[in-house]
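> Input: one structure, supplied below.
The values are calculated or read from the model by the stated rules, or taken from the named source; none is laboratory data. Quick caveat, the model's predicted, so the values are computed rather than measured. All Cβ positions, glycine included, derive from the backbone under ideal geometry; neighbour counts span all protein chains shown. Ligands, DNA and RNA are excluded from the accessible area calculation, which covers all protein heavy atoms including side chains. Shrake-Rupley method; radii C 1.70, N 1.55, O 1.52, S 1.80 Å.
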Amino acid sequence: MKLVNRHVAWILILIADAGLVAWGAMAAALPDFLLGPGGTPILTAGYEGFSKGSWSELVSTAPMAAKYMVVLFRMYGVFNVVFGLMAIAITVTAFRRGEQWAWWALLVGNTVALVSAMTYDKLVNAIGPFELTEYLGLALVWGALAVTAPFRAAGRPVRSMG
């Protein structure tokens, strides 16, 4: 049973982190095509949701500021790709073998990466269809880690207090 749990768990984590890689690659390469709420590109939606201003107005009045924001967003995409690839490498090697450090690395890493992305989305009021997958991804990771927790009491003998 433990082997089955780990097998299902590493596949679930792989799916969640592959989604992070895909989102990051799209953000880095083609941010104008990464849709946010209402079909608006996510960078535009984020800027407008946070500033209550118009992205097109920013582009026309401060084009270098807008270009700088695009560079930052692309680098955030690269960060997601790199984190996702590292998490996938840990998942398909050390976690799959049952190494305890990998469990903790995936718990902390995925939690920080996904919760920070969710926090950004909420702060800029830009929660679209892709952003909702962050919640699904975190649920997959936490569920997978819950059934493979290295400190679970299941199967351990209970010591008598008498």
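> In terms of solvent-accessible area of protein heavy atoms at a 1.4 angstrom probe, what is the ranking of 70, 108, highest value first? Please report the intermediate quantities before stating the final value.
Values: 70 35, 108 85 Å².
From most exposed to least exposed: 108, 70.
> Still on this structure, I have one more. What are the ³J(HN,Hα) couplings of region 72-78, residue after residue, when phi is run through the Karplus curve with 6.51, -1.76, 1.60 and θ = phi - 60°? Round to Hz, x for glycine and proline.
So the J values, rounded to whole Hz, are 4, 5, 4, 5, 5, x, 4.
> Related question: Let me know the volume per residue of the alpha-carbon convex hull for the chain, in Å³.
122
> Continuing with this model, one more query. For residue 120, tell me the accessible area in Å² from a 1.4 Å probe, rounded to the nearest 10.
80
> If you build a Gaussian network model of the chain, linking Cα atoms that sit under 10 Å apart, which residue out of 75, 64, 86 swings the most?
Maximum among the listed residues: 64.
> Show the residues, 5+ positions off or on another chain, whose built amide H is closer than 5 Å to the amide H of residue 36.
42
> Explain nothing, just the number: dipole magnitude of the chain about its Cα centre with +1 on each Lys and Arg Cβ and -1 on each Asp and Glu Cβ, in debye rounded to the nearest 20.
In debye, rounded to 20, the chain gives about 840.
> For residue 136 and residue 59, FRET efficiency with R0 = 45 Å and r from the beta-carbon atoms, rounded to 0.05?
For R0 = 45 Å, the calculated efficiency reads 0.85.
> Which residue, 111, 86, 137, has the largest displacement toward the positive end of the dipole of region 57-138 when charges sit on each Cβ (Lys, Arg +1; Asp, Glu -1)?
86
> When only Cα pairs under 8 Å and 6 or more residues apart are kept, what is the percent relative contact order across region 50-162?
22
> Let me ask something additional. Taking a probe of 1.4 angstrom, what is the accessible area of residue 122 in Å², to the nearest 10?
150
> In Å², and per residue, what accessible area does region 1-153 have when probed at 1.4 Å with the other protein chains present?
That works out to 54 Å² for each residue.
> Turning to a different aspect of this structure: From the phi of every residue in region 26-33, what ³J(HN,Hα) in whole Hz does the Karplus formula 6.51 cos²θ - 1.76 cosθ + 1.60 yield, where θ is phi - 60° and glycine or proline is x?
Per residue, the Karplus-derived 3J(HN,Hα) values read 5, 5, 6, 8, 9, x, 5, 9 Hz.
> For the chain, give the percent of accessible area contributed by carbon and sulfur heavy atoms, probe 1.4 Å, rounded to a whole number.
Of all accessible area on the chain, carbon and sulfur atoms account for 72 percent.
> Something else about it: Suppose only helical runs count, i.e. DSSP H with n ≥ 4. What mean residue ellipticity at 222 nm does that imply for the chain under -39500 (n - 2.57) per run, divided by all residues and rounded to the nearest 500 deg cm²/dmol?
Result for the chain: -24500 deg cm²/dmol, rounded to the nearest 500.
> Right, next: Residue by residue through region 130-135, which ³J(HN,Hα) values in whole Hz follow from phi under the Karplus form 6.51 cos²θ - 1.76 cosθ + 1.60 (θ = phi - 60°), with glycine and proline marked x?
Per residue, the Karplus-derived 3J(HN,Hα) values read 6, 5, 5, 5, 4, 5 Hz.
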